[in-house]
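Student: Below you will find the structure I want to go over with you.
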Amino acid sequence: MTRKTVLSILLGLCIFVYPPTIALSKTVKVQDNIYTVVQGEGVDSNTTFIISRDGVVVIDTRTTPEEARKAMAELRKLTDKPVLYTINTHYHGDHTFGNQVFSENSKTIIAHENVRNMLQGQNGQDHLAMFKTFGLTGLEEVKIILPTMVYKNRMDIYPGGYHLQLLHLGKGHTDGDTVIYLEELKLVITGDLVFAETIPYVSDGYIDSWIESLQTLHGYDIEIVVPGHGEVGGKTSLIAMKHYLLRLRLLVKKQISDGTSLEDTIKSVSKVLRSEYSTWKNQERIESTVDRAFMEYSFRN
Ligand SMILES: [Zn+2]
């Protein structure tokens, strides 16, 4: 097993295992006809429903079919309308492994083209195998369902009365991120480009271009931010995420220019970030963010 594999498994444990207190999921009304299921039991990735005149758009499908069925039950409390489309904001299993539940309603699953690549064939099986090392229940039931419709830079869809801009702003949390922007409502569903009040998972990420994507989003007319993890909030959550990444970059680059080793950089930078971001969830993930930043910037310098 390579160092990278060991690291990704360890990091994975940090990402997906939720603190010991069981957080019950709650369905938050974001706007009229738009709801987000926040803090599923066991895993905290968010699922959003846009209930249009003609049917429902589902954004992200949770970690297991069982979790997805719970989200579907929440949807059925709100409407009987059919699911028109499911959108995966990126390929990570906590956003895609419930696809099979929603595709029973509609086969149309939309994502960036790299999501399909990352879930296809051996790539998808490897990703599922990694999740199975996290000790979560219900993964044995997962059948990887690929996006059936992909795009490269931008896709516009118009489900009954809404206009959804699906935008790939560049590499960020992964190389296949989608944000969904509803311009008229000043609302953005960011996927994992934003972790609200939560240390981000960056091990698949590209920190420089992630910062750029957030900078681009910052320029949009936005009042409501639905993050990939954490509470629905305002633009401050987007700004806070950008600041975390900027701070991480600055601190790590300084260590690299001073010739500090990876090990010492992880120690010193993590200490600073832990004190500055002590109120954020998933503190145990800080070291991995430093590790990833060191890798990104040491290759360039
Ligand atoms: Zn993710």
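The values are calculated or read from the model by the stated rules, or taken from the named source; none is laboratory data. All of these numbers come straight from a predicted model, not from anything done at the bench. Neighbour counts run over all protein chains shown; Cβ positions are idealised from the backbone, glycine included.
Student: Taking the stretch 32-54 only, how many residues are basic (Lys, Arg) and at pLDDT below 95?
Tutor: 0
Student: Among the residues of the stretch 177-194, is any surrounded by 19 or more Cβ atoms within 10 Å (Cβ to Cβ) and of a type in the set (D, E, K, R)?
Tutor: So far as the stretch 177-194 goes, yes, one or more of its residues are surrounded by 19 or more Cβ atoms within 10 Å (Cβ to Cβ) and of a type in the set (D, E, K, R).
Student: Here is a further query. Inside the stretch 215-229, can you point out the residues that are touching a residue at least 12 places away in the same chain (Cβ under 8 Å) and surrounded by fewer than 23 Cβ atoms within 10 Å (Cβ to Cβ)?
Tutor: The answer is Gln215, Thr216, His218, Tyr220, Asp221, Ile222, Glu223, Ile224.
Student: (1) farther than 21 Å from Arg249 by Cα; (2) under 18 Å from the mean Cα position of the chain (by Cα); (3) of a type in the set (Lys, Arg): which one isn't true of Lys152, the others all being true?
Tutor: Of the numbered conditions (1) farther than 21 Å from Arg249 by Cα; (2) under 18 Å from the mean Cα position of the chain (by Cα); (3) of a type in the set (Lys, Arg), the odd one out for Lys152 is (2).
Student: Kindly provide the set of residues from the stretch 150-178 that are of a type in the set (Ser, Thr, Tyr) and more than 16 Å from the ligand (Cβ to nearest atom), ordered by number.
Tutor: Scanning the stretch 150-178 gives Tyr151, Tyr158, Tyr162.
Student: For the stretch 113-147, enumerate the residues that are at positive phi and either surrounded by fewer than 16 Cβ atoms within 10 Å (Cβ to Cβ) or in contact with a Gly (Cβ under 6 Å, 6 or more places away or on another chain) (or both).
Tutor: Those that are at positive phi and either surrounded by fewer than 16 Cβ atoms within 10 Å (Cβ to Cβ) or in contact with a Gly (Cβ under 6 Å, 6 or more places away or on another chain) (or both): Gly121, Gly135.
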